[in-house]
Amino acid sequence: MLTIYLVFLAIIYNTNCGDSYLPPYIQPCEYHSDNFVNCVKTQMKNSLSEFTKGIPELGVPSIDPVKLDDIKIDGNGLKLSFTGAEMHGLRGSELTDFKLNLGNGPETFSLTFKSNMSLTAKYEIDGRILILPIQGKGDAVILTQNVEVSLDCKLSHVNDALGEHLKLSSPNYKYNIEKTTFDLKNLFNGNKQLADTTLQFANENWQQLMDELAPPVIKQIVKTTIKTINKFFANVTIQRIIKGYSRKS
Ligand SMILES: *[C@@H]1O[C@H](CO)[C@@H](O)[C@H](O)[C@H]1NC(C)=O
Ligand SMILES: *[C@@H]1O[C@H](CO)[C@@H](O)[C@H](O)[C@H]1NC(C)=O
């Protein structure tokens, strides 16, 4: 009997806990206010760097770094693979645009963020960049400057035992990268002269390499970001994050 009682208490406690906790840096905005969307935008701007560290209390993982799946590129005379890749730097993101449409027609959630990021990985490369042969295997550090990603999602509502939650789906995105610098250690088995010349050439023609490399990386960053925001949404009800929210029927 006592066990059942304790289990029951535990369930109530967990349920309450799941919906009452919000990190102190998130201040719910008032839904019935002309300033609602702007308030959410300011909230997002201010809490972005904390949010990327994760919220263990809500089962939200950190996204700095983002662990990437292995990347394999084979085309245009170049074979390139990255394993154990991690993207660092989302913590320093700036929110440069935000739009939210909630409660009026099709519901959408759009955000644009800009950051300086670095990718670390074990690389293997063999082939040519334009005309220049390149070959090697070792540690790679790739610095990308002012990567801007714009993300448009549909916003839907899901219900569970806790209540009503928001959920992002059907992402569309585009991106722009201002500059990339590659540092590939141990090119040509450590032949420094050959390595330095080739790396310089690769860096002068970074756009060529990034045309192949950026799409799979950005895709994974977008996927991880949305998954993480949805983890947050799944553990807080709409009423918990938006003051005075009620659904129009
Ligand atoms: C909610 O947070 C708890 C940790 O407090 C976590 O174990 C659980 O997976 C989260 N639920 C969802 C739906 O993400
Ligand atoms: C990225 O770094 C450059 C050069 O240091 C700096 O001018 C820029 O403001 C940084 N961008 C972001 C989004 O932090």
>> To make sure I understand, if each residue's beta carbon is the centre and we count other beta carbons within 10 Å, what order do His157, His165 fall in, fewest to most?
In response: His157, His165
> Got a sec? Charge dipole of the chain, +1 on Cβ for Lys and Arg, -1 for Asp and Glu; which of Phe36, Thr197, Asn116 is way out at the positive end?
Replying inline: Phe36
>> Could you derive backbone 3J(HN,Hα) for segment 142-157 from the dihedral phi with the Karplus parameters 6.51, -1.76 and 1.60 (θ = phi - 60°), listing whole Hz in sequence and x where the residue is Gly or Pro?
In response: 10, 9, 10, 9, 6, 7, 10, 10, 10, 10, 10, 10, 7, 10, 10, 10
> Near the amide H of Tyr25, under 5 Å away, which other amide H atoms are found, from residues 5 or more places off or on another chain, if H is placed in the peptide plane?
Replying inline: none
> What dipole magnitude, in Debye to the nearest 20, does the chain give about its Cα centre under +1 on Lys/Arg Cβ and -1 on Asp/Glu Cβ?
Replying inline: 300
>> Ignoring solvent entirely, what values of log10 I(q)/I(0) come out of the Debye formula for segment 138-202 at 0.20, 0.23, 0.28, 0.30 Å⁻¹ when each Cα is a single scatterer?
In response: -0.85, -0.95, -1.11, -1.17
> How high is the FRET efficiency from Gln27 to Glu57, r the C-beta distance, R0 22 Å, rounded to 0.05?
Replying inline: 0.85
>> I need to check one value: relative contact order of segment 2-243, counting alpha carbon pairs closer than 8 Å and at least 6 residues apart, in percent.
In response: 19
> What residues from segment 200-226 fall in the zone where the backbone N is under 15 Å from a label point 7 Å along the Cα-to-C-beta line of Thr181?
Replying inline: 200-206
> Computed FRET efficiency, Cβ-Cβ of Asp152 and Gln207, R0 35 Å: what is it to the nearest 0.05?
Replying inline: 0.90
> Which of the aspartates and glutamates could a cross-linker bridge to Lys67, judged by Cα under 15 Å and excluding same-chain residues fewer than eight apart?
Replying inline: Glu86
>> List residues of segment 94-113, by number, whose backbone nitrogen lies under 19 Å from a label position 7 Å along Cα→C-beta of Gln145.
In response: 94
> Cross-link list Lys122/Lys154; Lys154/Lys179; Lys45/Lys72; Lys72/Lys223: which exceed 26 angstrom alpha carbon to alpha carbon?
Replying inline: Lys122/Lys154; Lys154/Lys179; Lys45/Lys72
> Quick one: Karplus J couplings for segment 41-52, per residue in order, coefficients 6.51, -1.76, 1.60, θ = phi - 60°, nearest Hz, x for Gly and Pro?
Replying inline: 4, 4, 4, 5, 4, 6, 9, 3, 5, 5, 4, 5
>> Taking the Cα of Ser169, stepping 7 Å toward and past its beta carbon, and measuring to each backbone N in segment 185-229: which are under 20 Å?
In response: 222-229
> Using bins 5 angstrom wide from zero, how does P(r) for segment 2-243 break down, in % of all Cα pairs?
Replying inline: 1, 6, 12, 15, 15, 12, 10, 8, 7, 6, 4, 3, 1, 0, 0, 0
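The numbers here are math on the coordinates, done by the rules we state, and not lab data. The shown structure was predicted, so the numbers you read here are calculated from the model rather than taken from an experiment. Counting neighbours? That spans all protein chains shown, and the Cβs are built from the backbone with ideal geometry, glycine included.
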